[in-house]
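Trainee: The structure that follows is given in the form of structure tokens.
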Amino acid sequence: MVSVTRTMFGELPSGGGTVEKFQLQSDLLKVDIISWGCTITALEVKDRQGKASDVVLGFGELEGYLQKQPYFGAVVGRVANRIAKGTFTLDGKEYHLAINNGPNSLHGGLKGFDKVSPGHVAESFLGPLPRVPTSMSSVAKQNPRPWDMCMVKQSRKKAVPRVWGSRCKWPHPGSILLSLITFVLFLPGDVAPVQGTAFDLRKPVQLGKHLQEFRLGGFDHNFCLKNSKEKHFCARVYHAGSGRVLEVYTTQPGVQFYTGNFLNGTLKGKSGAIYPKHSGFCLETQNWPDAINQPHFPPVLLSPGEEYNHTTWFKFSVA
């Protein structure tokens, strides 16, 4: 049985409105989600001793999410990840997007879904989509399992809707990661096999040792999964100290594996926590980066009347 409580989380500046917090709780876990960017601010799961702890990075107050910060816990879009050089061509017309990541457009540009409340439309990539997020109470009724992220969108005209579910970060860089993946994607458009490389994570590796062994500064890459709308396995994470296990399943064709490479200890999080480099990592289910410019990638355009419908499952257990 899932219960839902609704409280105020904070007020947006300049009379921008109230941001609410929805707490979903079951016997297995407790998750806090705010209406600003449909952001997960806390996720408590139990260890092998039955003690619950928060396993996501973030802030205790709204002000933390309004500052410049690395998309902690948020739903991002219109397009997740990067569009190369912030441009694409559709029906013979070239479109130019906001540049906010080197030469590229990232996570929806300057005002993506992570910076809006329900009823507002984020920076437009050709056409409006319905509001984000949906009612938290309806999500709880529809998704009684441990934790599902479901996105359903419909377009009025041809649009670019590649919304991605929420980041899940786990502050244990020594965790073991298993991903059933066969290719790694390098922007723009280069898809390469992982066999015999540092990107071969098809068998469990101890993440910290793996980075040292291959002299890597971290991962920030899209791994290509099945190009299927059916639910398929994505990754498994195990933390030996607590016994917590996270398994990720998705209907998306890719997952961005990011190891907090740009965290530098300047952000103060919940309960005064400081987040240095590699203090958490993300498994971001998504379509492949720059798909709008790569015709051989899984399609990203949403035509009039078509429905965008993807689900990602975060399954927690102990071992």
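The values are calculated or read from the model by the stated rules, or taken from the named source; none is laboratory data. All of these numbers come straight from a predicted model, not from anything done at the bench. Here the Cβ positions follow ideal geometry from the backbone for every residue, glycine too, while neighbour counts run over all protein chains shown.
Trainee: Of (1) touching a strand residue (DSSP E or B) at 6+ places or on another chain (Cβ under 7 Å); (2) surrounded by 15 or more Cβ atoms within 10 Å (Cβ to Cβ); (3) not in a loop (DSSP other than H, G, I, E, B), LEU211 satisfies all except one. Which?
Mentor: Answer for LEU211: the failing condition is (1).
Trainee: Give me a count of the residues in segment 221-232 that are buried (at least 16 other Cβ atoms within 10 Å of the Cβ) and either at pLDDT 85 or above or in contact with a Leu (Cβ under 7 Å, 6 or more places away or on another chain) (or both).
Mentor: 5
Trainee: If you don't mind, there's one more thing I want to ask. When you scan segment 251-306, how many residues do you find that are within 23 Å of LYS231 (Cβ to Cβ), under 20 Å from the mean Cα position of the chain (by Cα) and charged (D, E, K, R)?
Mentor: Of the residues in that region, 1 qualify.
Trainee: Related question: Quick one: would you say GLU61 is surrounded by fewer than 21 Cβ atoms within 10 Å (Cβ to Cβ), free of Cβ contacts under 8 Å to residues at least 60 places away in the same chain and either more than 29 Å from PHE223 (Cβ to Cβ) or touching a helix residue (DSSP H, G or I) at 6+ places or on another chain (Cβ under 8 Å) (or both)?
Mentor: Against the criterion (surrounded by fewer than 21 Cβ atoms within 10 Å (Cβ to Cβ), free of Cβ contacts under 8 Å to residues at least 60 places away in the same chain and either more than 29 Å from PHE223 (Cβ to Cβ) or touching a helix residue (DSSP H, G or I) at 6+ places or on another chain (Cβ under 8 Å) (or both)), GLU61 qualifies.
Trainee: I would also like to ask the following. Among the numbered criteria (1) at pLDDT below 90; (2) of a type outside the set (Asp, Glu); (3) in contact with a strand residue (DSSP E or B) (Cβ under 9 Å, 6 or more places away or on another chain), which one does VAL31 miss?
Mentor: Looking at each condition in turn, VAL31 falls short on (1).
Trainee: Please enumerate the residues belonging to segment 66-124 that are modelled with pLDDT of 90 or more, among the hydroxyl-bearing types (Ser, Thr, Tyr) and out of contact with any strand residue (DSSP E or B) (no Cβ under 6 Å at 6 or more places or on another chain).
Mentor: Residues satisfying the conditions are TYR71, THR89.
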